[in-house]
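The values are calculated or read from the model by the stated rules, or taken from the named source; none is laboratory data. As the structure is a prediction and not an experimental result, all values here were calculated from the model. Using ideal geometry, Cβ is built from the backbone for each residue, glycine included, and neighbour counts are taken over all protein chains shown. What goes into the accessible areas is simple: the full protein's heavy atoms, side chains included, and nothing from ligands, DNA or RNA. Shrake-Rupley method; radii C 1.70, N 1.55, O 1.52, S 1.80 Å.
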Amino acid sequence: MVTSSDPADKSPIFIHSLFRSGSTYLFHVFRRSTESYWCYQEPLHEFPLYALDNHDILLSERSDKMELLRHPSLNAPYFLELYEVADWCLDKLNREAIYDSYFAPEGADIGIDYWRALIETAHGRPVIQECRTSSRIRTIKSLLGGFHIYLWRNPWDQWWSHKVADYFDAANQLFINAPRHPEVIDRLRREIGFIGHEGSDLASQFAWFMERQLPSNQNYLIFYVLWCLGLQEGMLNADLLLNIDYLSDSLEYRQEVLDCLSQNSITDLDFSDCSTPQAFYASTDRAFFSRIEDKAHGLFLLSGIPQTDINRLLAIRHEYEPQIWQSPISKIDPSGLLRDAERARALVVKAEGHEVELRSKFRDEISRQERRAEAAEGRAQEQEQRAVAAESRAQEQ
């Protein structure tokens, strides 16, 4: 599990993950510790970029949004630690580092100066949790050292968790929109007919992808390719692979993780309240995921990734599958099934609301087009009448 370590007490701790993998929970575990951890949560988020001219924006994270995302209750604002050092760090954050440099192309700004400033100004041992660095672990580690955790979750539950907000599918499109990317992303883009957008700012890019939502099979294909790339990067370069499903299921695994962290001078953490939602999937669900995953594996093979690498990735995935997947449905806690049914109904309500909104926008656009057509027709008639009048006057002369 451990590949290397940095024993320096003030060395940074990086937690890399994809969205909806339990990262806010892990951040909360470090932040509530009595040790002197200085915890940055998603400092590479676009929100801090919008706060360059007004740092107070960093303290405006709403509790209703946190509830919507089902994040654990935090005892301080999400970006509090970043706010405390913003005067010395925030001007080193730029747009390229957030999404365009996701795959850490050579010569690109991947945020190193920003990370270094965050580390140097931290009021304790810096802990940096970020959902936009899963393909940059090797590069960040080589330049900044520290202890690197790759936090991961089974892809099915994680992808379904994305459905709580349109933001996550749009952000995944921004990752593959990066101008410099590996060959498998090229093949993925061709497979789905991806239409990128190189807007002048992140707000316009987000608006572009939000308005061009993809069907579920394409959304999952994007997510799963990114999931595989992230886990592969973690397997090769992280000091600790931390699976949130097993952290929820297994007391023995919790202790194993705590022992590993303690050996690397990371102590006073408590995982006793870890409980990540896990769903039961029937044959139709499994067929949906398996079909798309087979396509993704094919894209990797065509991109020169050997089958042995794919097999290693799948082996560790299956090793840490949620325990609920191995239980007969008669043995499953009915409260979990009720929770899943409730969330499914909530998604239906959300989808219906979105459809109504789209229909309303469509009707408004049709009305605008009809008004434009009527106005154009009126102008044409006026021009025709003027032409007839002019011709009549010419004949009279």
For this session: Could you give the C-alpha radius of gyration of the range 202-271 expressed as a fraction of 2.2 N^0.38 Å, taking N as the number of residues it contains?
Result: 1.62
Problem set entry | FRET efficiency for K92 and D186, using Cβ-Cβ distance with R0 set to 41 Å, rounded to 0.05 | 0.85
Problem set entry | Pairwise FRET efficiency - S60 versus L236, Cβ, R0 = 35 Å, nearest 0.05 | 0.35
Problem set entry | the range 215-278, dipole about Cα centre (Lys/Arg Cβ +1, Asp/Glu Cβ -1), debye to the nearest 20 | 320 debye
Problem set entry | Rounded FRET efficiency, nearest 0.05, which uses the C-beta distance separating Q307 from E120 and R0 of 35 Å | 0.20
For this session: In whole Å, largest first, what are the principal axis extents of the Cα atoms in the range 110-192?
Result: 44, 29, 20
Exercise. Under a no-solvent Debye model with one identical scatterer per Cα of the range 12-163, what's log10 I(q)/I(0) at q = 0.15, 0.16, 0.20, 0.21 Å⁻¹?
Worked result: -0.77, -0.89, -1.45, -1.59
Exercise. If ligands, DNA and RNA are left out, what is the accessible area of V184 with a 1.4 Å probe, given in Å² to the nearest 10?
Worked result: 10 Å²
For this session: Could I have the simple spin-label model distance between I316 and S272, label points 7 Å from Cα toward Cβ, reported in nm to one decimal?
Result: 3.0 nm
For this session: For the range 164-281, evaluate the Debye formula with one uniform point scatterer on each Cα (no solvent term) and list log10 I(q)/I(0) at q = 0.11, 0.14, 0.16, 0.18 Å⁻¹, rounded to two decimals.
Result: -0.55, -0.79, -0.91, -0.99
Exercise. Given labels modelled 7 Å from the Cα in the Cβ direction, how far is it in nm from L202 to Q323?
Worked result: 3.9 nm
Problem set entry | Surface accessible to a 1.4 Å probe, L49 within the full protein complex, Å² | 30 Å²
Seminar exercise, completed: Going residue by residue through the range 145-162, the Karplus relation 6.51 cos²θ - 1.76 cosθ + 1.60 with θ = phi - 60° gives ³J(HN,Hα) values, rounded to whole Hz and with x marking Gly or Pro, of x, x, 10, 10, 9, 10, 9, 9, 9, 4, x, 5, 5, 5, 5, 4, 5, 4
Exercise. Where only protein heavy atoms count, and the probe is 1.4 Å, what is the accessible area per residue for the range 78-154 in Å²?
Worked result: 32 Å²
For this session: Just the number, please: carbon plus sulfur as a percent of the accessible area of the range 168-310, 1.4 Å probe, no ligands or DNA/RNA counted.
Result: 50 percent
Seminar exercise, completed: Expressed in nanometres to one decimal, the distance between label points 7 Å along Cα→Cβ at A165 and S250 is 3.2 nm
Seminar exercise, completed: Output for the range 73-145 (equivalent-ellipsoid semi-axes, sqrt of 5λ from the C-alpha gyration tensor, Å, descending) is 22, 13, 13
